[in-house]
Structure formats: structure tokens, C-alpha cells
Amino acid sequence: MADEFDYTPDLIHVSDDDGKEYIFEILDRVETDDGRYVAVIEYYEDPKEQLEDDGEVIILKVTEENGDSYLSQIESEEEYEQIAEIFDERLSELFDEDGANAAEDE
């Protein structure tokens, strides 16, 4: 029987233009008429490093080119605000005002 607290993060490896590699955990995915988006945070193998990180959520657009997927910054401030609001609403559906997981209350 699996432990109810087992957790395997959804990780992606991303290289920047200089070839530096980063590991991100995908927190959520959204698809709209304008495109596909992911909300990610930087992932660290060492739990202590993870706790020391500021935990900034990064929202990126998923683009396709020649069958390959790429993550890019959202250039339009209006598009970014629209997508950020969608992610905020989805997060608020998961957690109630007290920060408790709403799914646990069911």
C-alpha cells in the first residue's frame, strides 16, 4: 500500500541561451485560446536549499517549433496578467481562506 504522503514532483529540465541548466517543478498547467502555459518554481535536490529559496512562482508560455516544446517568457503584460489571474483562481479553489486544503475537507 502506498504511503498517503508519497509525493513525486513533476520536474522539467530547462537550458537557457547560455547553456545553463535549471530544474523546475511544474505546479499547474493551463490551456486557453491564446496558448498553453505552466506555473513553475525552481527545484532543488537538497531540501534545505528549497526552503531557503524565495519560492517565486514563474509563469511561462509553452510554444511548439518543429515538434519540440519550448518555454518562453510572456511578452505582453496584458496576456501575463490574464494568465496569472487564471492561476490565482485555480489556486484559491484548492485552498480555503485558512490555507487548508479544500480537497481534504471533502
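Please indicate, with yes or no, whether at least one residue in segment 45-56 is under 21 Å from D17 (Cβ atoms) and surrounded by 10 or more Cβ atoms within 10 Å (Cβ to Cβ). Working first, answer last.
First, pick out the residues of segment 45-56 that are under 21 Å from D17 (Cβ atoms): 56.
Right, trim to surrounded by 10 or more Cβ atoms within 10 Å (Cβ to Cβ) and you get none.
Checked segment 45-56: no residue is under 21 Å from D17 (Cβ atoms) and surrounded by 10 or more Cβ atoms within 10 Å (Cβ to Cβ).
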I'm told Y70 meets every condition in (1) open to solvent by less than 80 Å² (accessible area, probe 1.4 Å); (2) modelled with pLDDT under 90; (3) touching a strand residue (DSSP E or B) at 6+ places or on another chain (Cβ under 6 Å) except one. Can you identify the failing condition by its number? (1)
Just a yes or no: is a residue in segment 22-31 free of Cβ contacts under 8 Å to residues at least 40 places away in the same chain, under 24 Å from L91 (Cβ atoms), in contact with a His (Cβ under 6 Å, 6 or more places away or on another chain) and surrounded by 11 or more Cβ atoms within 10 Å (Cβ to Cβ)? yes
Filtered residue count, segment 1-49, keeping only those that are aromatic (F, W, Y), outside any loop (DSSP other than H, G, I, E, B) and over 17 Å from I86 (Cα atoms): 2
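The values are calculated or read from the model by the stated rules, or taken from the named source; none is laboratory data. Source: prediction; values computed, not measured. FYI the Cβ positions are ideal-geometry reconstructions off the backbone, even for glycines, and counts take in every protein chain you see. Ligands, DNA and RNA are stripped out before the accessible areas are found, and what is left, the full protein with its side chains, is counted by its heavy atoms. Shrake-Rupley method; radii C 1.70, N 1.55, O 1.52, S 1.80 Å.
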